[in-house]
1. Taking the Kirkwood radius as the inverse of the mean 1/r across Cα pairs, report the Rg/Rh of the range 87-196.
2. Can you compute the modelled spin-label distance between Ala164 and Phe248, with each label point 7 Å from Cα toward Cβ, in nm?
3. Please compute the Cα-Cα pair-distance distribution of the range 141-265 with 5 Å bins starting at 0, giving whole percents from short to long.
4. Heavy atoms only, probe 1.4 Å: what % of the accessible area of the range 58-167 goes to carbon and sulfur, would you let me know?
5. Between His125 and Leu45, what is the FRET efficiency for a Förster distance of 41 Å, r being their Cβ-Cβ separation, to the nearest 0.05?
6. So if each residue of separation counts as 0.36 nm, and I subtract the Cα-Cα distance between Leu88 and Leu228, what length gain in nm does that give?
7. Could you work out how much longer the chain between Val29 and Trp71 gets when fully extended? Use 0.36 nm per residue separation minus the Cα distance between them, nm to one decimal.
8. Put a dot 7 Å past each Cα toward the Cβ at Asp192 and Arg116; how far apart are the dots in nm?
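The values are calculated or read from the model by the stated rules, or taken from the named source; none is laboratory data. Being a predicted model, the structure only gives us computed values, none of them experimental. Backbone-built Cβ (ideal geometry, glycine too); neighbour counts: all protein chains shown. Heavy atoms of the whole protein, side chains included, go into the accessibility calculation; ligands, DNA and RNA do not. Shrake-Rupley method; radii C 1.70, N 1.55, O 1.52, S 1.80 Å.
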Amino acid sequence: MSPTKTTARQPTRTARTRTGTTSSLDRAVTYGLLGLFALIALTPLVGILSTALSSQTSLDTGFSLPDGLNWRNFADAWTRGHFGRYLLSSVVVAAAVVALTTVLATLAAYAFGTMRFPGSQVLFHLFVLGLTLPQEAVVVPLYFDLRHWGLTDTYWGLILPQTAQSLAFGVFWMRTYFRNIPRSLLEAARIDGATGFATLTRVLVPMGRPAFATLTVIVFMWTWNEFLLALVMVSDEAHRTVPLGLAFFQGQHSSDTALLAAAATLIALPVVLVYLVLQRRFIQGMLTGSAKE
């Protein structure tokens, strides 16, 4: 090998070494920051779980760590707070809201995202306007309207308003997905003789699972944690949801910190389970959420 060739190759190797070192350093810094933020986010959760597993005696004496796994706190909270009934009500309301929102938002967003018709932009911006409307501004007139129709103290008094509130985000989210669908895919479906509804149900919906998973998780979380609407529309215990039940439970057991922590853990568990089941689709939908050419 001649000296000229050796000299010419040396800068390339040095550049590769520097690039590899820089890449490793960037990766280490990235993982370090992610670990720090994860620690900050998980600290309150670990604290609540630790309190839920502690005995009230150890908390009163100032111990921060559980003196044993007191699983009985969860059983006591479940029994005393009647959370079985409240969880059933929340499941019924959340499932209905998620189903109605997904179906209606998909149909509307499909029209806004793939079709051109007079007034489409005006109608779409009316939907988006719902994102800026605070719930506190409409809850009082909404109560009188629903009471006139006999819908207070019923599941429909919770399902219909929350579906309407979630539609604004649902239409906006799904329209973004439909607008990023390759035009060639829609044209190929038309050439094959597929109708608009067949194209939606057989082609676009199966492709959009990440977008639907993201919409499902977000709407379920919003519906499950809804407190103000349940407080105004529901007065009987039979239709009381878990956030409202936790508020009443806190008023009755304000001095029992371990029991309150156990009740809060029971209420948050369904949301965590739904996220864990749809985690991969949810993250994929947040990062991409669409098919691109």
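1. Working: Rg = 17.2 Å, Rh = 15.9 Å.
Answer for the range 87-196: 1.08.
2. It works out to 2.6 nm between the two label points.
3. Here the calculated profile for the range 141-265 is 2, 9, 14, 13, 12, 11, 10, 10, 7, 5, 3, 2, 1, 0.
4. Here it works out to 69 percent.
5. Working: r = 39 Å, r/R0 = 0.95.
Step by step, r from the Cβ atoms, then E = 0.60.
6. 48.5 nm
7. Contour length minus the Cα-Cα distance gives 11.2 nm.
8. If labels sit at Arg116 and Asp192, their model points lie 2.5 nm apart.
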